[in-house]
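Notes follow once the structure below has been shown.
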Amino acid sequence: MAKNGTRLTAKLSKSLVDKEPRSARSLIPKEENNMPYLTFSFRYCTQQEYFGVKGEDAAWFANLQERLKDLSGKTGAILESKIERDAYRLHPINWNARNCPIKKEDLLSVPNNIRDNKEEDFFWQFQLSKGTGRVVGFFNQTNSIFYIVLLDPKHNIQPSKNFGYAVDDTEIAITEFERLEMKLANAGTSISRCKHNDDCPVTDICEEYNNSNMFFVELDKELRDVYEKIATEGDICQEFEDFLMDKYFKE
């Protein structure tokens with residue numbers, strides 16, 4: 001409280017309300033020696049044959065996170081320093097390297113003007129660590145953003161002489177949504193083989209999903225009215241409790 005009896009908290013609260021909020025981004029250093037720090041984008045990142053991440057453990061992804069964090073403290077000047085480039089195994093992709101399993105033309109997630117450019121090759125790689133693979137992508141025009149295109153846990157992009165130029169198979173990881181789609185598709189296949197197929201009400205639903213990748217579910221009017229009333233006027237937890245009490249504990 002101030003000497004005149006005025007509550008300071010009121011003044012403080014008003015000053016906080018009146019003050020224009022400031023983003024934390026304005027407090028974070030954005031550049032070094034007038035060059036912006038590197039940032040990373042997954043906008044064009046994809047998985048494809050020989051470049052899948054299924055089966056990689058948490059340690060591998062922790063290595064990826066740590067490397068991105070490390071490089072986020074660098075600027076585009078790293079491209080001018082041979083010492084730093086060598087330290088990170090940062091170099092352009094040699095598409096003619098022995099046993100390289102893909103070509104630039106295979107990078108379908110990348111814009112055409114970059115992928116199909118005949119005058120300049122934009123693609124680089126850097127290592128996570130010697131035994132944990134590489135990251136493949138390209139820089140923007142100011143060398144301030146690195147667009148990640150492929151994660152290469154098996155170091156397949158440039159097969160190593162130390163391992164006989166071998167290319168290792170990988171598997172493509174799928175999202176939870178894709179996993180659910182697969183389960184639904186498998187359910188549809190199983191239903192089609194069911195001996196009770198003609199009498200099973202699930203059959204039509206699975207056929208509908210297989211044809212359109214969508215389910216249309218509708219509640220009958222009576223049940224819909226009950227749910228609408230509970231949602232707008234009541235307490236669904238209380239309604240459920242009352243239901244249990246009425247059904248199982250009623251004397």
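What follows is calculated from the coordinates using simple rules that are stated; it is not laboratory data. Remember, predicted model here, so these are calculated numbers, not experimental data. Virtual Cβ from ideal backbone geometry, glycine too; neighbours counted across all protein chains shown.
Here are the numbers for this structure:
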quantity	calculated
Selection of chymotrypsin sites (Phe, Trp or Tyr not before Pro), segment 139-183, meeting DSSP coil and at most 16 other Cβ within 10 Å	Y165
Coil-residue chymotrypsin sites (Phe, Trp or Tyr not before Pro) of segment 25-103, DSSP, other Cβ within 10 Å capped at 15	F42, W95
Low-density loop cleavage sites - trypsin sites (Lys or Arg not before Pro) in segment 67-170, where at most 12 other Cβ are within 10 Å (DSSP)	R98, K103, K118, K130
Vicinal HN-Hα couplings computed from phi for segment 50-65 (Karplus, 6.51 cos²θ - 1.76 cosθ + 1.60; Hz; Gly/Pro x)	6, 9, x, 10, 5, x, 6, 8, 4, 4, 5, 5, 5, 4, 4, 4
G52 long-range amide H proximity, modeled H, under 5 Å	T170, E171
